[in-house]
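> Structure provided below as structure tokens; questions to follow.
Nothing in this text is a laboratory measurement; each read-out follows from the coordinates by a stated rule. All of these numbers come straight from a predicted model, not from anything done at the bench. So basically every Cβ, Gly included, is an ideal-geometry build from the backbone, and we count neighbours across all protein chains shown.
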């Protein structure tokens, strides 16, 4: 399996500095990052580690869920996965990820709502990004569209 790479160039202090994160493997873009905007409600056109983790988690989860739905006899028509990643103070000092909420809705033929929910939970537990983030509480909201 391949290794993927991202690179960040940072200038200045945490409070006054800024940087750019480059998605090196895919070459799809370079994005601005800054701590003040990371900690603000409005990101102001910059990304953050939390948003990048949310992107990684939502896409990984969608892939894992679609595979498990097919294994369970379902036919995934479409899935929408939203990952909300929260940053907050760490009682030991600094900051930490305080929680992740995965919200999934989908149209899946051949499965009832209970099976959809069971498979959604299994996908949360077995998605590689979920496994990597075991130090963060991950909650799940799953809804089968009819």
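> What distance in nm separates the simple spin-label points at residue 98 and residue 16, each placed 7 Å from Cα in the Cβ direction?
Between residue 98 and residue 16, the label points sit 2.9 nm apart.
> Can you say what percent of the DSSP beta bridges in the stretch 49-144, counting only those with both residues inside, are antiparallel? Round to 5.
On the way: 14 of 21 bridges.
For the stretch 49-144, the DSSP antiparallel bridge percentage is about 65.
> Also, quick follow-up: Can you give me the angle between helix 49-71 and the longest principal axis of the chain, using Cα atoms only, in degrees from 0 to 90, rounded to the nearest 10?
Rounded to the nearest ten degrees, it is 10.
> A further question follows. Where the eigenvalues come from the Cα gyration tensor of the stretch 19-58, what are the semi-axes √(5λ) of the equivalent ellipsoid, largest first, in whole Å?
On the way: eigenvalues 65, 32, 10 Å².
That gives 18, 13, 7 Å for the three semi-axes.
> For the stretch 66-136, what is the per residue volume of the convex hull drawn over the alpha-carbon atoms, in cubic angstrom?
In the stretch 66-136, the Cα hull volume divided by residue count equals 84 Å³.
> Related question: Could you give the nm distance between label points at residue 114 and residue 6, where each point is 7 Å from its Cα heading toward the beta carbon?
Between residue 114 and residue 6, the label points sit 4.0 nm apart.
> Radius of gyration and Dmax for the stretch 37-85's Cα atoms, expressed in Å?
Cα-based Rg and Dmax for the stretch 37-85 come out at 14.6, 45 Å.
> Can you give me the distance in nm between label points at residue 71 and residue 131, each placed 7 Å from the Cα along the Cα-to-Cβ direction?
Between residue 71 and residue 131, the simple spin-label model gives 1.1 nm.
> Quickly estimate the mean residue ellipticity at 222 nm for the chain, helices only: each DSSP H run with n ≥ 4 gives -39500 (n - 2.57), and the total goes over all residues, rounded to 500. Don't jump to the answer; show the numbers that get you there.
Values: 4 runs with 46 residues, N = 146.
Per the formula, -9500 deg cm²/dmol.
> Taking the C-alpha atoms of the chain, how large are the radius of gyration and the largest Cα-Cα span, Dmax, in Å?
Over the chain's Cα set, Rg and Dmax evaluate to 17.5, 55 Å.
> How high is the FRET efficiency from residue 82 to residue 28, r the C-beta distance, R0 22 Å, rounded to 0.05? Before the final figure, lay out each step's value.
On the way: r = 20 Å, r/R0 = 0.93.
After rounding to 0.05, the efficiency reads 0.60.
> I've got another one for you. Remind me, relative contact order of the stretch 1-47 in percent, using alpha carbon pairs under 8 angstrom and six or more residues apart?
Details: 70 pairs, mean separation 13.2, N = 47.
Rounded, it is 28 percent for the stretch 1-47.
> May I pose another question? With the calculation restricted to Cα positions, what are the radius of gyration and Dmax of the stretch 1-78 in angstrom?
Cα-based Rg and Dmax for the stretch 1-78 come out at 16.7, 53 Å.
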